[in-house]
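Below: one structure, written as structure tokens.
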Amino acid sequence: MSGVKLESLHGRIRRSYEESLRNVGNHAECIQRLRAELDAFPALLHQASAVNEFLDLDLAKSVHRTCLKLMAFCETSTNSQHVTFVLAAIHYFVNRLDGSPDFFGLDGFEDDAVVVNTVITDLAINLPTIQFSGSKESA
Amino acid sequence: MSNFHPGQRIRVRGEEWQVEHARKHEQINGKAVWEIEAKGLTNIVAGAKYIFVDDLDTIEVVDPADIEPEIATSGRAIRAKLYWEAHLRRLLPRNGAIYLGQHGACQPYDYQMQPAFKALNMHRPRILIGDAVGLGKTIECGVLLAELIRRGKGKRILCAVPKATLEQFQAEMWGRFSIPFHRLDSKGLEKLRQDLPSTMNPFFHHDKAIISIDTLKLKKYQTWLESCDWDVLVIDECHNVADRTDGGGGSARHRVARRLAEKANAVILMSATPHDGTKHGFASLIKLLDRTRIKDDSSFASEDFIQHFIRRTRSQVADQIENRAPRKQLICKIPMTGDEIDVLRAIHDGDKLTTMLSKRHGGGQRELFKTTLIKSFLSSPYALLETVQKKLKSLGADPDRRIKTKHSNEEDREQFINFLEDLEHSIQSLGEFTRFKYLKEYLTKHPTKDDDRIVIFTERLRTMREIEKFLLKEKLVDGVFDASSDGKQPAGRLIATADGSLSDIELPRIVKAFQAKTKGIHILVATNVASEGLNLHTCCHRLIHFDLPWSLITLEQRNGRIDRLGQESTPEIFYFASTAEGSTKHFATKESFKDDFWIIDKIKKRVETASTDMAEEAMAKFVEGEEEEVQNTSAYEEGRIDQVDDVDPLLAMLANPDFAAAAAKTDGVNRRRLPTLFEKSPSDFILKLAKEAKLDVVEADNTAVTVKMDNALRFETAQWPREYQPDNDSNGVTLDADSKRVQSFYRHARASNAEVDRSFMNEIHPLIALLENTAIGFFPGRKVPTVTLKGDDKNAVYMLVQSTLYNKRNDAVDQFWQILYHKKGSPDLKPLFNMNEYDHAVKITAWLNDHLSQIVQKSDLTANERRRIADLTRRAVDTMKGLTMECRTNRSNKLRGALTEEINRIKAWESARASYLERLVNEGKDLQAQGVFSIQGRMVKSELESIHKDSDAYRNFIDSYLATSSEPDIRILGCLVVEE
């Protein structure tokens, strides 16, 4: 069965993603919770950028948009295992203290982009026009 | 919840206050509480200082647009000018130029500005100043500290220095740069412990503290040190905190240095001998500055650390320093007596020693003990006697105390004891030590004078004591200086001895008395405890190495005590070297015979094979530990001597002229003047302020003023270090801007052991801060100085506005001034200056000076003028906020590239370091399989597991120090209205 190649993720990113996988639980509940968190994200980002002008806002917004699309995928997909991996990736994104804390320094969303990218690539998910502004995402 | 910043106006309990310090505390329940230290501005609380906590009081931030213009045209708007000047003096410089350094009470050479310039142009000023001895590293440190303080980055500073230089470092920082360090010697700490509740952290009490490294490492202070952080950490003679355990976690000194460096923003390390002969040791110092510079502790290149390193040798700066005669050095060849040679031969040839120790511990141990004995003898027969007797005691040679050691063979032990007893007998039957004869002859021919003292260095405590006894017996001195007493000392020419057993109170007392012409210490006999950092050159130009250290670094550090900048006479250095050469009793195996000339030969070989600079670098090979360690590590020393001819690639790199040039290179130092509205003289601001505030200030001349004592000054000076507080009966405090005069006062005071009655008038002097507060108090609360001007542009309004960006630590990061101009009828306020330019404040100052010449004297503003200002304040605040946000964006765009590059470099380092550590772990496993356990293995694993912490630390730095809030603090500082 196809899945996410965890070995392609390194160190803390992998550990943190594994932690997210453990947190997924019931899909319906998880989708509801994560959707609420995705909705609250722009406000959080605005707040964070008010005290850190170095945040890569473009990348953060881009990953956020992709996560919204992934959420739509979860709501429609019938492949339960894929949904688990995708929900874990969204969980990773909304988790502020993940592999590289999101609102810290200037590269806090690079790891989120890597995780989301890996999930999309490994699961061969077709999302309509994904546009990341960061250099790491070419999915 | 509001954010609070220093300088903000707040309203609490019905009165207005100005925030001086604001700290945010996270509570256990996750709620944040602000602790605000504020000074009262209005009515009954004016001038009073209080601390508020926002969950107990309602604290309201006063709207910056809510102002009350107050006409200030009298005396050519002098009050307004003083008020603006006080703010101007606190405006943060916005570039890495040197503003204050060149104005210290010293004659700073260009090269002395460079370390500060290099450090100020780093995001995190972290630098190792490795200049050769005597080039003025303390001054370089002072320049950098003054600049950091002026930039608001040096509020809390901890200086860790050797105990011998505590007082000297403190005095230099105060005398030259007006930086008030509180000395936390054992007396100072004890007093603090008495004064403070037992639960209070004494390291929080003073913002600027100086403490001995040996005190810092004490276990009882570790918990307190853990819980406080510092803006700047200074470690003088930093080679003493290098990790010499080859990855074993380091000494207590190293561990405490590492913890402090992790928590400090800026780190300044200083040592003329930063390299201790091992790559690991040097790497450990670089890692104190930046842990992400070294991937592999055993192999790294200059480009890995050059960013944090500066080193100049005397020859590299020869064109800048005064033309002084080079030191005179004389090797005094002292032939040993036949009996002395016999003793030395006995040690070299000791068959019993050889047999016994070979059986017990193998050849290495034999060489170790042999070297210990040789080294002791080359210091003095008394030192050898002490070593032999100690060994006999430990072997149980005393029949009453004999114990059987399980490792030794009884027969061998008896043989060894017999050998030592024979040696003891031979030493005891020696006549007068020949070197004593030479010492007596020299001191009789060239006696000491009040202003011409001698310092004698020796390796051994016992030798030091014997020299003291001998000089007293021969009446070459009249008495002994009692370091334990601060009171009256014996009359006449005194001798003082300095060794590691002296406390951090006694040692500086000796040094101070040695420097003072009025005190009678004519001869100072010291072990290596006095060989680092001390300034002994002020009344001493003669130095005797009674014995030769086996460490080139110690030799150079010793010489550096008298051969340094400011030495007015030609330094004369005598090396007492015993030789067996020419003796009929000299033995055949000369090559292996170790007398003082064997040491000199080793040194010469090194010097001959390198240029002078390279020789200096080569000395880095021999740095050694504290005195007590040296006593017991002769084999270690021996091992190092044997390594002389091995070329360490790093040392070769340090000695490489290209690297030397790179380490010494910085771009031309950018020196600027701080903007001021009072150009006439440095004391002009104080005198005019005194007149306006009716302060009792007397002008001594154009450059010096005395501020008479009043309650405010008494309160202020009570916060100063106890050593610099004026006496109770003092008239006041004198500030002098004449650098040369202040230096001469300090020189005179040092020579006569008197107190200096004046301080250098530096912008960062605490008294100046008090005076600035007085000027700011002219317009308390909502009041804003307003002046009316002549001009054709009727009814135009100019507003002087200041904005400040704060980081998460509540430190001001960037600050701007602006003049917003409003033409009557115009919809907008127009900024007159480009705030992105570093020197926009200088231009604004010139603009203000120019416009203040067009003042129209008025007793009050017209109703129309008041209305005009009231209509504009909100727009002025908003406009300034918008302009500040543009500057914030520009700044982040400018920095982003460099920060991204740095983050990427750290990521690459993280991966390379992890590979290196994994390799070590695997090597450790192989060793473990062979039954070898190493503590390093555990350290490596632990580092590997937490490797991400180092890159996180940099992200944390960006987050806490560089990132700023989008809510700048805006203040309208003044209004200028063109009359109707």
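Mean residue ellipticity at 222 nm from the helices of chain B, using -39,500 (n - 2.57) per DSSP H segment of n ≥ 4 over the full residue count, to the nearest 500 deg cm²/dmol? All intermediate terms of the calculation are to be shown ahead of the outcome.
Numbers: 34 runs with 413 residues, N = 980.
It lands at -13000 deg cm²/dmol.
Quote the Stokes-Einstein diffusion coefficient, in whole µm² s⁻¹, for chain A, based on the Kirkwood radius over alpha carbon pairs, a temperature of 25 °C and a viscosity of 0.890 mPa s.
Taking Rh from Cα pairs, D becomes 165 µm²/s.
Expressed in nm to one decimal, what extension gain is obtained for the pair B:S485 and B:E679 from 0.36 nm per residue of sequence separation less their Cα-Cα distance?
Details: separation 194, 0.36 × 194 = 69.84 nm, distance 4.93 nm.
Length gained, B:S485 through B:E679: 64.9 nm.
For the pair B:D451 and B:R722, how long in nm is the line joining their label points, each one 7 Å along Cα→Cβ?
My value for the distance between the label points is 3.4 nm.
Per-residue Cβ counts within 10 Å, from other chains only, averaged over A:100-108: what number is that? All intermediate terms of the calculation are to be shown ahead of the outcome.
Values: counts 6, 4, 0, 2, 7, 13, 12, 8, 2.
Shielding by partners across A:100-108 averages 6.
Please give every one of the lysines within straight-line cross-link reach of B:K708, meaning a C-alpha to C-alpha distance under 24 Å, and leave out same-chain neighbours fewer than 8 residues apart.
Partners found: B:K39, B:K49, B:K81, B:K680, B:K688, B:K691, B:K694, B:K740.
Specify which residue in the list A:H64, A:L21, A:V94 is farthest towards the positive end of the charge dipole of chain A, using unit charges on the beta carbon of Lys, Arg (+1) and Asp, Glu (-1), about the Cα centre.
A:L21
Find the percent of Cα-Cα distances in the stretch B:822-947 that exceed 21 Å, and round it to a whole number.
On the way: 5447 of 7875 pairs.
The proportion of pairs with Cα distances above 21 Å equals 69 percent.
Less than 12 Å Cβ to Cβ from A:A48, Lys/Arg counted +1 and Asp/Glu -1: what total charge do the surrounding residues give?
On the way: positive: A:R96, B:K808; negative: A:E53, A:D56, A:D102, B:D959.
For residues surrounding A:A48, the net value is -2.
What helices in chain A pass both tests, a Cα length along the helix axis of 24 Å or more and a mean Kyte hydropathy of -1.0 or higher, using whole DSSP H runs?
On the way: long enough: A:27-51 (35 Å, 0.19); A:57-76 (29 Å, 0.40).
Qualifying helices, which must be both long enough and hydrophobic enough, are A:27-51, A:57-76.
Let me know the Rg and Dmax you get for the stretch B:783-831 when you use only its Cα atoms, in Å.
14.8, 47
5 Å is the cut-off here: which amide hydrogens, built 1.01 Å from N in the peptide plane, fall below it relative to B:F309, excluding neighbours closer than 5 in sequence?
B:L128
How far is it, in nm, from the label point at A:E75 to the one at B:N418 when both lie 7 Å from their Cα along the line to the Cβ?
Using points 7 Å along Cα→Cβ, the separation is 10.1 nm.
Provide the gained length on full extension for the span B:V856 to B:E474, in nm with one decimal, where the gain is 0.36 nm per separating residue minus the Cα-Cα distance. Present the calculation step by step, with values, prior to reporting the outcome.
On the way: separation 382, 0.36 × 382 = 137.52 nm, distance 8.31 nm.
Between B:V856 and B:E474, full extension yields 129.2 nm more.
For a Förster distance of 41 Å, can you work out the FRET efficiency between the beta-carbons of B:S730 and B:N43, rounded to the nearest 0.05? Before the final figure, lay out each step's value.
Numbers: r = 33 Å, r/R0 = 0.80.
Step by step, r from the Cβ atoms, then E = 0.80.
Based only on other Cβ atoms within 10 Å, what is the fewest-to-most ordering of B:L687, B:L423?
Values: B:L687 18, B:L423 24.
By the 10 Å Cβ count, ascending: B:L687, B:L423.
State which helices in chain B qualify, where a helix is a whole DSSP H run, it must extend 30 Å or more along its own axis by its Cα atoms, and its mean Kyte-Doolittle hydropathy must be at least -1.0. All intermediate terms of the calculation are to be shown ahead of the outcome.
Working: long enough: B:863-929 (92 Å, -0.91).
Helices meeting the criterion: B:863-929.
Which lysines does B:K370 reach when only Cα atoms under 17 Å apart count, and residues fewer than 8 places away in its own chain are ignored?
B:K352, B:K359, B:K390, B:K391, B:K590, B:K594
What list do you get for B:I157, B:I321 if you sort them by fewest beta carbons within 10 Å? Don't jump to the answer; show the numbers that get you there.
Working: B:I157 25, B:I321 16.
Final ranking by Cβ density, sparse to dense: B:I321, B:I157.
Need the full-extension length gain, B:A953 to B:D319, defined as separation in residues times 0.36 nm minus the C-alpha distance. One decimal, nm.
Numbers: separation 634, 0.36 × 634 = 228.24 nm, distance 4.17 nm.
Between B:A953 and B:D319, full extension yields 224.1 nm more.
Give me the base-10 log of I(q)/I(0) for the stretch B:51-93 at each q in 0.19, 0.30 Å⁻¹, Debye formula, one uniform scatterer per Cα, rounded to two decimals.
Scattering profile of the stretch B:51-93, log10 relative to I(0): -0.83, -0.99.
Using only C-alpha atoms and all pairs of different ones, pull out the Kirkwood radius for the protein assembly as shown in Å with one decimal. Intermediate values should be presented prior to the final figure.
Values: mean 1/r = 0.0297 Å⁻¹.
Hydrodynamic radius (Kirkwood, Cα pairs) of the protein assembly as shown is 33.7 Å.
Apply the Karplus parameterisation 6.51 cos²θ - 1.76 cosθ + 1.60, with θ equal to phi minus 60°, to every residue of the stretch B:710-717 and state each ³J(HN,Hα) to the nearest whole Hz, in sequence, with x for glycine and proline.
Values, residue by residue: 9, 4, 4, 5, 4, 5, 5, 5 Hz.
Once you keep just the Cα pairs under 8 angstrom separated by 6 or more residues, what percentage relative contact order results for chain B? Present the calculation step by step, with values, prior to reporting the outcome.
Values: 1679 pairs, mean separation 163.7, N = 980.
17 percent.
Along the charge dipole of the protein assembly as shown, pointing to its positive end and built from +1/-1 on Cβ of Lys, Arg, Asp and Glu, which listed residue (B:Y806, B:L962, B:S271) has its Cα farthest out?
My answer, from the dipole projection, is B:Y806.
Just to be sure I understand the model, the point goes 7 Å from the Cα along the line to the Cβ. What's the resulting B:I51 to B:T570 distance in nm?
Rounded to a tenth, the inter-label distance reads 6.1 nm.
Name the residue from B:A119, B:Q8, B:H537 whose Cα lies farthest towards the positive end of the charge dipole of the protein assembly as shown, charges +1 on Cβ of Lys and Arg and -1 on Cβ of Asp and Glu.
So the residue furthest toward the plus end is B:Q8.
Based only on other Cβ atoms within 10 Å, what is the fewest-to-most ordering of B:M122, B:M270?
Working: B:M122 15, B:M270 23.
Lowest to highest Cβ neighbour count: B:M122, B:M270.
Please list the three semi-axes, largest first and in whole Å, of the ellipsoid equivalent to the stretch B:697-780, using sqrt of 5 times the eigenvalues of its alpha carbon gyration tensor. Mind dumping the intermediate values first?
Values: eigenvalues 106, 48, 24 Å².
After diagonalising the Cα gyration tensor, the semi-axes are 23, 16, 11 Å.
Starting at the first residue of the stretch B:794-804, write each ³J(HN,Hα) from the Karplus equation 6.51 cos²θ - 1.76 cosθ + 1.60 with θ = phi - 60°, in whole Hz, x for Gly and Pro.
3, 6, 5, 10, 10, 10, 8, 10, 10, 10, 9
For the stretch A:11-82 and the stretch B:94-115, write down the distance between their C-alpha centroids in whole Å.
So the separation of the two Cα centres works out to 51 Å.
Between A:A40 and A:K61, what is the FRET efficiency for a Förster distance of 22 Å, r being their Cβ-Cβ separation, to the nearest 0.05?
Numbers: r = 14 Å, r/R0 = 0.65.
With R0 = 22 Å, the Cβ-Cβ based efficiency is 0.95.
Could you give the semi-axes, largest first, of the ellipsoid that matches chain B, computed as the square roots of 5 times the alpha carbon gyration tensor eigenvalues and rounded to whole Å?
Values: eigenvalues 730, 206, 121 Å².
Value: 60, 32, 25 Å, ordered largest first.
Taking the alpha-carbon distance from B:K949 and a cut-off under 17 Å, which lysines remain once sequence neighbours fewer than 8 residues away in the same chain are dropped?
B:K263, B:K287, B:K295, B:K907, B:K941
Any chance you could get the radius of gyration and Dmax over the Cα atoms of the stretch B:190-316, in Å?
Cα only, the stretch B:190-316: 16.0, 53 Å (Rg, Dmax).
Taking each pair of distinct Cα atoms in the stretch B:105-156 once, what is the resulting Kirkwood hydrodynamic radius in Å? Show your work: numbers first, answer last.
On the way: mean 1/r = 0.0880 Å⁻¹.
That comes to 11.4 Å for the stretch B:105-156.
Please report, in debye to the nearest 20, how large the charge dipole of chain B is about its Cα centre when each Lys and Arg carries +1 at its beta carbon and each Asp and Glu carries -1 there.
Values: 144 positive and 146 negative charges, 285 e Å.
Dipole magnitude for chain B comes out near 1360 debye.
With both bridge residues required to lie in chain B, what share of the DSSP beta bridges run antiparallel, to the nearest 5%? Mind dumping the intermediate values first?
Numbers: 52 of 114 bridges.
DSSP beta bridges in chain B are roughly 45 percent antiparallel.
Viscosity 1.002 mPa s, temperature 20 °C: what is the translational diffusion coefficient of the stretch B:2-114 from Stokes-Einstein with a Kirkwood Rh over Cα pairs, rounded to a whole number of µm²/s?
Values: Rh = 17.5 Å.
The diffusion coefficient I find is 123 µm²/s.
Using only alpha carbons, build the gyration tensor for the stretch B:682-840 and give me the equivalent ellipsoid semi-axes, biggest first, whole Å. Display every interim value, and only then the final one.
Values: eigenvalues 320, 70, 53 Å².
After diagonalising the Cα gyration tensor, the semi-axes are 40, 19, 16 Å.
Rounded to the nearest 0.05, what FRET efficiency do B:N702 and B:K512 give with R0 = 35 Å and r taken as the Cβ-Cβ distance? Could you check?
Numbers: r = 33 Å, r/R0 = 0.94.
Computed FRET efficiency for B:N702 and B:K512 comes out at 0.60.
Coordinate-derived values only; no laboratory data. None of these values were measured; they are calculated from a predicted model. Heads up, the Cβs are rebuilt from the backbone with ideal geometry, glycines too, and the neighbour counts pull from every protein chain shown.
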